[in-house]
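Enquirer: So that we are looking at the same thing, I have put the structure below in structure tokens.
The values are calculated or read from the model by the stated rules, or taken from the named source; none is laboratory data. The shown structure was predicted, so the numbers you read here are calculated from the model rather than taken from an experiment. Ideal geometry is used to build each Cβ from the backbone, glycine not excepted, and the neighbour counts take in all protein chains shown. When the accessible area is computed, the model is the full protein with side chains, heavy atoms only, and any ligands, DNA or RNA have been set aside. Shrake-Rupley method; radii C 1.70, N 1.55, O 1.52, S 1.80 Å.
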Amino acid sequence: MSEHVSDSAEWQALQGHAEKFSAVHLRDLFDSEPQRGERYAAELADLYIDYSKNLVTDEVLSALVALAGRAKLSERITAMFAGEHINVTEDRAVLHTALRLPRDAQLVVDGQDVVADVHEVLDRMGAFADKVRSGEWKGHTGERIKTLVNIGIGGSDLGPVMAYEALKDYTQRDIECRFVSNIDPTDLFEKTRDLDPATTLFIIVSKTFTTQETLTNAAEARSWLLATLKDDAAVAKHFVAVSTNAAKVADFGIDTANMFGFWDWVGGRYSLPSAVGLSVLVAIGKEKFAEMLAGYHAVDEHFRSTPIEQNVPALLGLINVWYDTFLGAQSHAVLPYAQYLHRFAAYLQQLTMESNGKSVRLDGERVAYQTGEVFWGEPGTNGQHAFYQLIHQGTKLIPADFIGFSVPNHDIGEMHDLFMSNFLAQTGALAFGRTLEQVEAEGTKPEVAKHRVMQGNHPTTTILAEKLTPATFGQLVALYEHITFTQGVIWEINSFDQWGVELGKVMANQLAPKLTASDAPADDADSSTNILIKRYRAARGR
Ligand code: F6P
């Protein structure tokens, strides 16, 4: 038996399939199998997933499932759900799935009743949300809260802001949420400039409570608040924290009675369904938040218990590996036909790229194959008028996910039908293109005919749900989490650490004094950085 997945016969078999695949066209695959659209599709909770327009055959799918067997994907799924310390470089369990277990489920990890802990925090979050939503929670001057400002970055921002935007239709509209993440002072300025401190509540979200951006923004937010309210006692009414680090929360000056905890087994990019989602919970209310968690859980259960050959997240993850590692794709477009999902690609960038942007295997050896796709995208139809040209007629292989909903949250005239006709037209055009014969038959001038040929054969997956609801939203996010997990297992990397981000944090802290103090040495870094520091200091009069 081979030591590594990439040395296995299963891996070699896929390399063999890849060599043959340059001659395969989606037109031929559909022509030779009229039922392909029905056979290569699956239902996952409320999501209908059509993967027929992918560059796969039964043979390729079987080879990918065999590869998953070689990589022990099923065993790794079991280990994750059981709370084994699969995040080996940080010696931690990976248990975001426990965040959405129902109250009557049972899971004891490292001697701790995880389900009881999760629901204790959810109950506190729900009680807090009830008070803010009803106006029972009063600010320091006795006014009700009108604006929540979530201060956090990375997983402590991207999930909440994406979910808040996605579920805006379900929010209590007299409470607005805003999100400050960047340490660029203009972010805090723009998000607070028209707010009244008396009606503003800050949620400081940081797993570690040591992140420079978040703590700096939080300190400045406190100064902004106190400049008007002029009483330190106001902090208790206008600041709550979400963190795993109670000591640091107390150091910052937030009463830990106003802290909502989570656990080291929740990775930042997987933390939306934990207390990190507090702003979302206040916005949509505890019942809708519970529906979202149930949506996640339905997909978790499918992923945990379904054999790989019918396991939808596993199959989609394997297909991504096929493109990335065997067919040489570099990136993956995510194209939601839902304006409410306009931050979905940004969210997925952290989920997928912080998870699988790794080049060292679990055994410490460097990988000799491609890992981690570049995820990107914009909502349709905006993307159609921007970058789709490159997908249609460019030279790159870019698998794309199309996400759409049959029933709009708001119907205006014929707009949704027109919108969704674009959704359906695009995947057809990408798959089947337009041949020279077809273009010529339309009477196109011979000198431009070749420019109008669409080669087609561009793979897409279509995800269609009836309506964007908290439940379908939770299902969608869980689907991508488990796709990401599957890819990491095949690549034998740890999808749950992020050491690459740490070096930049350390270096920024080292450089900060050089920018602010004119007597600090500006010649002990590299020659490029030295001159940049000098120019910066000159512009700032230092
Ligand atoms: O970007 C690195 C990272 O550690 C992310 O994984 C995390 O989501 C983000 O920083 C914020 O960290 P914290 O929640 O501890 O402030």
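Enquirer: Check W499 against each of (1) among the aromatic types (F, W, Y); (2) modelled with pLDDT under 95; (3) open to solvent by less than 60 Å² (accessible area, probe 1.4 Å) and name the one condition it does not meet.
Expert: (3) is the only condition that W499 fails.
Enquirer: So, E301, is that one over 19 Å from G159 (Cβ atoms), surrounded by fewer than 22 Cβ atoms within 10 Å (Cβ to Cβ) and at pLDDT 95 or above or not?
Expert: In short, yes.
Enquirer: Next question. Is it the case, given these coordinates, that R269 is touching a Leu at 6+ places or on another chain (Cβ under 9 Å), within 16 Å of the ligand (Cβ to nearest atom) and open to solvent by 30 Å² or more (accessible area, probe 1.4 Å)? If you could, list the steps in order and put the result at the bottom.
Expert: Working: touching a Leu at 6+ places or on another chain (Cβ under 9 Å): yes; within 16 Å of the ligand (Cβ to nearest atom): yes; open to solvent by 30 Å² or more (accessible area, probe 1.4 Å): no.
So R269 fails the test.
Enquirer: Among the residues of the stretch 198-216, which ones are more than 10 Å from the ligand (Cβ to nearest atom) and either open to solvent by less than 10 Å² (accessible area, probe 1.4 Å) or in contact (Cβ under 8 Å) with a residue 60 or more places away in the chain (or both)?
Expert: A198, T199, T200, L201, F202, I203
Enquirer: Of the residues L99, L73, only one is under 18 Å from M259 (Cβ atoms) and either touching a Ser or Thr at 6+ places or on another chain (Cβ under 7 Å) or of a type in the set (F, W, Y) (or both); which? Show your work before the answer.
Expert: Values: L73 fails: under 18 Å from M259 (Cβ atoms).
Going through L99, L73 in turn, just one is under 18 Å from M259 (Cβ atoms) and either touching a Ser or Thr at 6+ places or on another chain (Cβ under 7 Å) or of a type in the set (F, W, Y) (or both): L99.
Enquirer: Moving on. Hey, does the stretch 461-478 have a residue that's farther than 30 Å from E10 by Cα, modelled with pLDDT under 95 and within 19 Å of the chain's Cα centre (by Cα)?
Expert: no
Enquirer: Could you tell me whether Y369 is part of a loop (DSSP other than H, G, I, E, B) and of a type in the set (F, W, Y)?
Expert: For Y369, the condition - part of a loop (DSSP other than H, G, I, E, B) and of a type in the set (F, W, Y) - is met.
Enquirer: Which of the residues that make up the stretch 230-262 are away from the ligand (no atom under 13 Å from the Cβ) and in contact with a Ser or Thr (Cβ under 6 Å, 6 or more places away or on another chain)?
Expert: Within the stretch 230-262, A246, A250 meet the criteria.
Enquirer: Restricting to the stretch 177-186, and then to whatever is surrounded by fewer than 17 Cβ atoms within 10 Å (Cβ to Cβ) and not in a loop (DSSP other than H, G, I, E, B), can you tell me which residue is nearest to the ligand (Cβ to nearest atom)? Spell out how you get there, then give the answer.
Expert: First, pick out the residues of the stretch 177-186 that are surrounded by fewer than 17 Cβ atoms within 10 Å (Cβ to Cβ): 182, 184-186.
If we keep only those that are not in a loop (DSSP other than H, G, I, E, B) as well, we get 185-186.
Working: P185: 18, T186: 20 Å.
Among residues in the stretch 177-186 that are surrounded by fewer than 17 Cβ atoms within 10 Å (Cβ to Cβ) and not in a loop (DSSP other than H, G, I, E, B), the one nearest to the ligand (Cβ to nearest atom) is P185.
Enquirer: Looking at A275 and the list (1) open to solvent by 10 Å² or more (accessible area, probe 1.4 Å); (2) in contact (Cβ under 8 Å) with a residue 60 or more places away in the chain, which single condition is not satisfied?
Expert: Only one criterion is unmet by A275, namely (1).
Enquirer: Go through the residues of the stretch 336-351 one by one and say whether even a single one is assigned to a helix (DSSP H, G or I), touching a helix residue (DSSP H, G or I) at 6+ places or on another chain (Cβ under 7 Å), open to solvent by 10 Å² or more (accessible area, probe 1.4 Å) and closer than 29 Å to D91 by Cβ. Give the derivation first.
Expert: Our first condition is that a residue be assigned to a helix (DSSP H, G or I); within the stretch 336-351, this holds for 339-341, 344-351.
With the extra rule that they be touching a helix residue (DSSP H, G or I) at 6+ places or on another chain (Cβ under 7 Å), the set shrinks to 340-341, 344, 346-348, 350-351.
With the extra rule that they be open to solvent by 10 Å² or more (accessible area, probe 1.4 Å), the set shrinks to 340, 346, 350.
Then keep just the ones that are closer than 29 Å to D91 by Cβ; that gives 350.
Yes, the conditions are met somewhere in the stretch 336-351.
Enquirer: Given P102, P160, which one is closer than 25 Å to G285 by Cα and surrounded by 15 or more Cβ atoms within 10 Å (Cβ to Cβ)?
Expert: Working: P102 fails: surrounded by 15 or more Cβ atoms within 10 Å (Cβ to Cβ).
Answer to the selection: P160.
Enquirer: Hey, does the stretch 377-394 have a residue that's within 19 Å of G69 (Cα to Cα), surrounded by 18 or more Cβ atoms within 10 Å (Cβ to Cβ) and in contact with a Leu (Cβ under 7 Å, 6 or more places away or on another chain)? Break it down stepwise before answering.
Expert: Looking only at the stretch 377-394, we keep the residues that are within 19 Å of G69 (Cα to Cα), and these are none.
No: zero hits.
Enquirer: Scan the stretch 155-174 and report the pairs whose first residue is in a loop (DSSP other than H, G, I, E, B) and whose second residue is within 11 Å of the ligand (Cβ to nearest atom), with Cβ atoms within less than 8 Å and a gap of 6+ or a chain change.
Expert: Short answer, once both residue conditions are applied: D157/S181; D157/V205.
Yes/no matrix, rows are residues, columns are (1) surrounded by fewer than 11 Cβ atoms within 10 Å (Cβ to Cβ); (2) of a type outside the set (F, W, Y); (3) part of a helix (DSSP H, G or I):
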{"site": "E3", "(1), (2), (3)": "yes, yes, no"}
{"site": "S6", "(1), (2), (3)": "no, yes, yes"}
{"site": "E10", "(1), (2), (3)": "no, yes, yes"}
{"site": "A13", "(1), (2), (3)": "no, yes, yes"}
{"site": "G16", "(1), (2), (3)": "no, yes, yes"}
{"site": "E19", "(1), (2), (3)": "yes, yes, yes"}
{"site": "F30", "(1), (2), (3)": "no, no, yes"}
{"site": "G37", "(1), (2), (3)": "no, yes, yes"}
{"site": "Y48", "(1), (2), (3)": "no, no, no"}
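Enquirer: Within the stretch 217-229, can one find any residue that is free of Cβ contacts under 8 Å to residues at least 40 places away in the same chain, within 16 Å of the ligand (Cβ to nearest atom) and of a type in the set (S, T, N, Q)?
Expert: Among the residues of the stretch 217-229, not one is free of Cβ contacts under 8 Å to residues at least 40 places away in the same chain, within 16 Å of the ligand (Cβ to nearest atom) and of a type in the set (S, T, N, Q), which makes the answer no.
Enquirer: Kindly list, by first and then second residue, each pair from a residue in the stretch 526-542 that is within 14 Å of L511 (Cα to Cα) to a residue that is open to solvent by 90 Å² or more (accessible area, probe 1.4 Å), limited to pairs with Cβ atoms under 7 Å and residues at least 6 apart or on different chains.
Expert: From the stretch 526-542, the pairs are N530/D523.
Enquirer: List every residue pair whose Cβ atoms sit under 6 Å apart, with the two residues 6 or more apart in sequence or on different chains, where the first one lies in the stretch 79-94 and is within 13 Å of V108 (Cα to Cα) and the second, anywhere, is assigned to a loop (DSSP other than H, G, I, E, B) and open to solvent by 50 Å² or more (accessible area, probe 1.4 Å).
Expert: A93/H85
Enquirer: Consider the stretch 288-309. How many of its residues are aliphatic (A, V, I, L, M) and in contact with a Phe, Trp or Tyr (Cβ under 9 Å, 6 or more places away or on another chain)?
Expert: Residues of the stretch 288-309 aliphatic (A, V, I, L, M): 290, 292-294, 298-299, 308.
Subsequent filtering for residues that are in contact with a Phe, Trp or Tyr (Cβ under 9 Å, 6 or more places away or on another chain) retains 292.
Here the count works out to 1.
Enquirer: On the given criteria, is L225 outside any loop (DSSP other than H, G, I, E, B), buried (at least 16 other Cβ atoms within 10 Å of the Cβ) and hydrophobic (A, V, I, L, M, F, W, C)? Don't jump to the end; show me each part of the working.
Expert: Numbers: outside any loop (DSSP other than H, G, I, E, B): yes; buried (at least 16 other Cβ atoms within 10 Å of the Cβ): yes; hydrophobic (A, V, I, L, M, F, W, C): yes.
So L225 passes the test.
Enquirer: G139: modelled with pLDDT of 95 or more and open to solvent by less than 10 Å² (accessible area, probe 1.4 Å), yes or no? First the steps, then the outcome.
Expert: On the way: modelled with pLDDT of 95 or more: yes; open to solvent by less than 10 Å² (accessible area, probe 1.4 Å): yes.
Yes.
Enquirer: Could you look through the stretch 141-154, keep only residues that are assigned to a loop (DSSP other than H, G, I, E, B) and more than 21 Å from the chain's Cα centre (by Cα), and pick out the one that is farthest from the ligand (Cβ to nearest atom)?
Expert: So in the stretch 141-154, the residues assigned to a loop (DSSP other than H, G, I, E, B) come out as 141-143, 145-146, 152-153.
If we keep only those that are more than 21 Å from the chain's Cα centre (by Cα) too, we end up with 141-143, 145-146.
Details: T141: 30, G142: 32, E143: 30, I145: 23, K146: 26 Å.
If we take residues in the stretch 141-154 being assigned to a loop (DSSP other than H, G, I, E, B) and more than 21 Å from the chain's Cα centre (by Cα), then G142 is farthest from the ligand (Cβ to nearest atom).
Enquirer: Among the listed residues V118, V88, which satisfies the condition of being modelled with pLDDT of 95 or more, surrounded by 20 or more Cβ atoms within 10 Å (Cβ to Cβ) and either closer than 30 Å to R361 by Cα or not charged (D, E, K, R) (or both)?
Expert: Details: V88 fails: surrounded by 20 or more Cβ atoms within 10 Å (Cβ to Cβ).
Answer to the check: V118.
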